[in-house]
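Undergrad: My questions will all concern the structure given below.
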Amino acid sequence: MPREDIVMVCCSDIAGQVRGKGLLARDLHERREKGVGWTPTNIMITAHGAIADTPWGPFGDLILKPDLDTLVRVDFGDDGAPEHFVLGDIRHLDGTAWACCPRDFLRRGLDALKAEAGLTLKASFEHEFHYDGVEEVANSGYALDAYRRQGVFAETFLDALQQAAIIPDTFMPEYGPCQYEVTVEPKPAMRSADEAVILRQIARATAFRLGHRASFTPILRPDSVGNGLHVHFSLHDAETGKPVNHDPSADHGVSATAAHFLAGILDKLPVLTALTAATPISYLRLVPNRWSAAYTNLGVQDREASLRICPVFETTGVDVAKQFHFEYRAADAAATPYFVLGAIVWAGVHGLRAKLPRPEPTETDPGGMTAEEFDRCKLARLPRSLSAALDLLEADEDAKGWLGPELHDAYLRHKRFEDALMADLPLEEQCARYHKVF
């Protein structure tokens, strides 16, 4: 039967969902500037389908303007339609940026980083997800058997990523039930966030073609290991591209510039969780002793630190400065990558602006510290709920400035509505619902 190639023009929204409109692929270049029609209230659609309290109601018109550098066309070699989509920006009808575009939130942060500090940022997202094409078996963490049982999923998935111009680094069975992890090469910040959106869709598409599902839900069950989203990042001189993270003469090798940036993240971490751990069940992960993040601490080779100085593999001939980087761990894939990375960038800019003092890494478990030690290290517990995180976001004037008043208001309305939708449900039911949507 004759078929027509269709491409979706998409955005990743407040709900962490990818939504858009399809058009004939042959018309895409014509639509490069014109875009496709969109509506402000679309961004208030929650992950569960209901529309949150919207400041726009049925009024207003926008456009989704495709960025052809993000164009994806993956042919799985079966009789199904290819995965054909392109990401873009939400704009006003005259082409100017819309205040509530998540992609523009990250872009504005990167512009501030460059204008105020002469820096750019590279990043790589480390994704954990649940693949239901394998039986849940005890003692499967990191096991060859767990890799074997996923069959051709990994081979098909990694091939599809490369068709989408994403360079895989590693794939592995993780510790949790039916859990796997994929890492990719670092890229400039905006491309890295785009790739995080694309990667999740390619994983879901691969699983779908094999008759299964891949879910990036924050946690499968209240008693299980969660799916984290770990963001590896490094700072670079905007003119030369040279990394500026490492100083061999400084404490733990962290340069003065990087120290200010990290201090800004730590200072705002409780606020950032509202953007980076964006569902009620996200906070089931952010507790002590779950190999996640629970405190506002910087760690060295500590996988329970919210912010980590990553190890350098010092084999013969390695340039330490090129490897030296950091990892943000208080995030999951229910948040759009543009908010996750944008929050990190804006908080880092805050630290650079204020020249915040060098943070000292914790060398012991904060949960085991005395109250005096905890205070001396200037630590705080991360919020224990989405509601508490949203209260912090609402009260923080710096964060309101980063987001802008319109996005700040829309985000709070959206997430408070979502939180209320889940409030009366048992945790098991909440986890089941998020499993379906992510």
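Undergrad: So which of 343, 330 ends up being assigned to a loop (DSSP other than H, G, I, E, B) and of a type in the set (A, V, I, L, M)?
TA: Being assigned to a loop (DSSP other than H, G, I, E, B) and of a type in the set (A, V, I, L, M) holds for just one of 343, 330, which is 330.
Undergrad: Ok, one more. Taking the condition of being among the small types (Gly, Ala, Ser) and at positive phi, how many residues in the stretch 232-285 meet it?
TA: 2
Undergrad: Which of the following residues is touching a Leu at 6+ places or on another chain (Cβ under 6 Å) and of a type outside the set (Gly, Ala, Ser): 173, 168?
TA: Of the residues listed, the single one that is touching a Leu at 6+ places or on another chain (Cβ under 6 Å) and of a type outside the set (Gly, Ala, Ser) is 168.
Undergrad: Let me ask something else about it. Could you please let me know if residue 175 is within 22 Å of residue 431 (Cβ to Cβ), surrounded by fewer than 20 Cβ atoms within 10 Å (Cβ to Cβ) and hydroxyl-bearing (Ser, Thr, Tyr)?
TA: Criteria met by residue 175.
Undergrad: Being in contact with a Lys or Arg (Cβ under 7 Å, 6 or more places away or on another chain) and in a helix (DSSP H, G or I) narrows it down to one residue among 414, 408, 435; which is it? Steps first, answer last, please.
TA: On the way: 414 fails: in contact with a Lys or Arg (Cβ under 7 Å, 6 or more places away or on another chain); 435 fails: in contact with a Lys or Arg (Cβ under 7 Å, 6 or more places away or on another chain).
Unique residue meeting the criteria: 408.
Undergrad: Still on this structure, please answer the following. Go through the stretch 341-359 and report how many residues are within 12 Å of residue 399 (Cα to Cα) and among the basic types (Lys, Arg).
TA: Of the residues in that region, 0 qualify.
Undergrad: Scan the stretch 23-40 for residues that are part of a helix (DSSP H, G or I) and surrounded by fewer than 18 Cβ atoms within 10 Å (Cβ to Cβ) and report the count. Steps first, please.
TA: Keep residues of the stretch 23-40 that are part of a helix (DSSP H, G or I), which gives 25-27, 31-34, 40.
Going one step further and asking which of them are surrounded by fewer than 18 Cβ atoms within 10 Å (Cβ to Cβ), we end up with 25-27, 32-34.
The number of residues fulfilling the criteria is 6.
Undergrad: Inside the stretch 128-145, can you point out the residues that are buried (at least 20 other Cβ atoms within 10 Å of the Cβ) and in contact with a strand residue (DSSP E or B) (Cβ under 8 Å, 6 or more places away or on another chain)?
TA: Within the stretch 128-145, 128, 129, 130, 131, 140 meet the criteria.
Undergrad: Checking the conditions here, which among 16, 95 is in a loop (DSSP other than H, G, I, E, B) and under 26 Å from residue 202 (Cα atoms)? Don't jump to the end; show me each part of the working.
TA: Working: 95 fails: under 26 Å from residue 202 (Cα atoms).
Only one candidate qualifies: 16.
Undergrad: Let me ask you something else. Scan the stretch 225-232 and give yes if some residue there is surrounded by fewer than 23 Cβ atoms within 10 Å (Cβ to Cβ), free of Cβ contacts under 8 Å to residues at least 60 places away in the same chain, within 20 Å of the chain's Cα centre (by Cα) and assigned to a strand (DSSP E or B), otherwise no.
TA: Within the stretch 225-232, not a single residue is surrounded by fewer than 23 Cβ atoms within 10 Å (Cβ to Cβ), free of Cβ contacts under 8 Å to residues at least 60 places away in the same chain, within 20 Å of the chain's Cα centre (by Cα) and assigned to a strand (DSSP E or B).
Undergrad: May I ask you to list the residues in the stretch 41-67 that are surrounded by 12 or more Cβ atoms within 10 Å (Cβ to Cβ) and either in contact with a Gly (Cβ under 9 Å, 6 or more places away or on another chain) or assigned by TED's automatic domain parsing to the domain that holds residue 431 (or both)?
TA: Answer for the stretch 41-67, where residues must be surrounded by 12 or more Cβ atoms within 10 Å (Cβ to Cβ) and either in contact with a Gly (Cβ under 9 Å, 6 or more places away or on another chain) or assigned by TED's automatic domain parsing to the domain that holds residue 431 (or both): 41, 47, 62, 63, 64, 65, 66, 67.
Undergrad: Just wondering, is there one or more residues in the stretch 184-205 that are closer than 21 Å to residue 224 by Cα, acidic (Asp, Glu) and crowded, with 18+ Cβ neighbours inside 10 Å?
TA: No - not one qualifying residue is present in the stretch 184-205.
Undergrad: Tally time: how many residues in the stretch 350-398 are hydrophobic (A, V, I, L, M, F, W, C), outside any loop (DSSP other than H, G, I, E, B) and either in contact with a strand residue (DSSP E or B) (Cβ under 9 Å, 6 or more places away or on another chain) or not assigned by TED's automatic domain parsing to the domain that holds residue 295 (or both)?
TA: Taking the stretch 350-398 first, the residues hydrophobic (A, V, I, L, M, F, W, C) are 352, 354, 356, 369, 371, 374, 377, 379-380, 382, 386, 388-390, 392-393, 395.
Imposing the further condition that a residue be outside any loop (DSSP other than H, G, I, E, B) reduces the set to 352, 354, 371, 374, 386, 388-390, 392-393, 395.
Now narrow it down to the ones that are either in contact with a strand residue (DSSP E or B) (Cβ under 9 Å, 6 or more places away or on another chain) or not assigned by TED's automatic domain parsing to the domain that holds residue 295 (or both): 352, 374.
Number satisfying all stated conditions: 2.
Undergrad: Considering only helices (runs of 4 or more DSSP H) fully contained in the stretch 139-218, which possess at least 3 residues that are in contact (Cβ under 8 Å) with a residue 24 or more places away in the chain and of a type in the set (S, T, N, Q)?
TA: Those helices (runs of 4 or more DSSP H) span 189-209.
The values are calculated or read from the model by the stated rules, or taken from the named source; none is laboratory data. Keep in mind the model is a prediction, meaning the values are calculated, not measured. Here the Cβ is made from the backbone with ideal geometry for all residues, glycine too, and neighbour counts use every protein chain on show.
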